[in-house]
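First comes the structure, then the notes that go with it.
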Amino acid sequence: MAIRFALAWIFVCSLAAATTAQATTPLRCEGGKLKSAGKYDYCRLKALAKSAQTGAAADYSKCNTQFGSKWNSIEEAAGGLCPTNGDESGIQAFISQHTDDLAAALAGGPLSNCPADLATCSNDLSTCDGSLDATTANLTNLLQQPDGVQCRPKLGNGESDDVLGQPRRL
């Protein structure tokens, strides 16, 4: 009886351990990707610092190679259980843009402000939409003659076409 109890206890514990390991795989993957992204960002900034000091072009080849291989190994180790998969190129492009923007700002350029740029763009779109609505209303009013009969386009012979199903007025 004691042997059965011990075997049952081992089975329950191994089942709980497997469930815990599976539940933490996405978290480990996320953590690994964050570390890899941080190392890639740091590597690019080091290359940019060296470039700024020497005047030579920044060499990111080491950064790109390490990032790509590490990112793929993290996703493979997780067996498809990462919160995101196949996002290496998007994350790499995001980090590259970030480091390039930071280097440009530190060299005396403007610091990009995406939320403010987006707000400006949205306001411009709202203004444009409002102008379009006003223009459409004005056009509708202009197409109405004072007696309520709509204007008709001219034909090549100078007469109006009866496009609205109403009799022609001469």
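The values are calculated or read from the model by the stated rules, or taken from the named source; none is laboratory data. As the structure is a computational prediction, the values presented were derived from the model and not from experiment. Because the Cβ atoms are built from the backbone with ideal geometry, glycine has one as well, and the counts that use them run over all protein chains shown.
Within region 66-99, the set of residues being without any contact (Cβ under 8 Å) to a residue 24 or more places away in the chain and closer than 19 Å to ARG44 by Cβ comprises SER69, ASN72, ASP87, GLU88, SER89, GLY90, ALA93, PHE94, GLN97. Just name the residue that is surrounded by the most Cβ atoms within 10 Å (Cβ to Cβ) out of those in region 68-83 that are part of a helix (DSSP H, G or I) and in contact with a helix residue (DSSP H, G or I) (Cβ under 6 Å, 6 or more places away or on another chain). Among those that are part of a helix (DSSP H, G or I) and in contact with a helix residue (DSSP H, G or I) (Cβ under 6 Å, 6 or more places away or on another chain), it is TRP71. No other residue among ASN141, ASN64 is modelled with pLDDT of 80 or more and either part of a helix (DSSP H, G or I) or over 19 Å from GLY38 (Cα atoms) (or both) apart from ASN64. Within region 1-56, the set of residues being over 37 Å from the mean Cα position of the chain (by Cα) and modelled with pLDDT of 65 or more comprises just one member, ILE3.
Looking at GLY90, GLY80 in this structure, which one is on the phi > 0 side of the Ramachandran plot and of a type outside the set (Asp, Glu)? Spell out how you get there, then give the answer.
On the way: GLY90 fails: on the phi > 0 side of the Ramachandran plot.
The match here is GLY80.
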